[in-house]
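Peer 1: Could you have a look at this structure, given as structure tokens, before my questions?
The values are calculated or read from the model by the stated rules, or taken from the named source; none is laboratory data. Just so you know, these numbers come straight off a predicted model, no measurement behind them. Because the Cβ atoms are built from the backbone with ideal geometry, glycine has one as well, and the counts that use them run over all protein chains shown. With ligands, DNA and RNA removed, areas are computed over all heavy atoms of the protein, side chains included. Shrake-Rupley method; radii C 1.70, N 1.55, O 1.52, S 1.80 Å.
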Amino acid sequence: MLYWLKQAQAPSISQIAVAIGRHRGTVQKWLALYRAQGLEALLVVKPIPGGGNRVIPVWAERALAKRLQEPSNGFDSYGAVQQWLLESLGVEAEYHAVYQMTRYRLKAKLKVARPQNIKQNPVQREAFKQTLQMTSTW
């Protein structure tokens, strides 16, 4: 940006912005910073906000991932996951943090078994399952 602006026939701010792949407003902010504080101010690298420590440690996340892989030990809700983290691992986390980790980082969807009617005959249900398995192998 500075090289182009120092030329005798300097391109416009918009043309420079397109050439370096930044928004025109960003280039204008850089130029204002350069005019006010010099080249040293442009070279300062600022830390990115929001990159703090995780609420749920990596080891707890791995333990939860292992628990979610077990078919017999499911969770009914994200609140149940939150409670399990607190009781089993001693990790206290807010509901939203548990939801974000479980749903997006671990890619897990909590499944709840559908209730079965109490009038169903268990013998007939098992016979149906056996018949279904035999027909699916054909």
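Peer 1: Return yes when Pro115 is modelled with pLDDT under 90 and within 30 Å of Trp4 (Cβ to Cβ) and no when it is not.
Peer 2: no
Peer 1: A follow-up question, please. Would you be able to say whether some residue in segment 73-84 is open to solvent by 70 Å² or more (accessible area, probe 1.4 Å) and either among the hydroxyl-bearing types (Ser, Thr, Tyr) or more than 30 Å from Leu2 (Cβ to Cβ) (or both)?
Peer 2: The answer is yes, given that some residue of segment 73-84 is open to solvent by 70 Å² or more (accessible area, probe 1.4 Å) and either among the hydroxyl-bearing types (Ser, Thr, Tyr) or more than 30 Å from Leu2 (Cβ to Cβ) (or both).
Peer 1: Report every pair of residues separated by at least 6 positions or lying on different chains whose Cβ atoms are under 7 Å apart, first residue within segment 67-93 and assigned to a helix (DSSP H, G or I), second surrounded by fewer than 14 Cβ atoms within 10 Å (Cβ to Cβ).
Peer 2: These pairs meet every condition: Arg67/Asn73; Tyr78/Tyr95; Gly79/Tyr95; Gln82/Tyr95; Leu86/Glu92.
Peer 1: Could I ask something else about it? If Glu40 satisfies all but one of (1) of a type outside the set (A, V, I, L, M); (2) in a helix (DSSP H, G or I); (3) touching a residue at least 12 places away in the same chain (Cβ under 8 Å), what's the number of the condition it fails?
Peer 2: Tallying (1) of a type outside the set (A, V, I, L, M); (2) in a helix (DSSP H, G or I); (3) touching a residue at least 12 places away in the same chain (Cβ under 8 Å), Glu40 fails exactly one: (3).
Peer 1: Just for segment 23-45: of the residues that are surrounded by 10 or more Cβ atoms within 10 Å (Cβ to Cβ) and β-branched (Val, Ile, Thr), which one is farthest from Ser12 (Cα to Cα)?
Peer 2: Thr26
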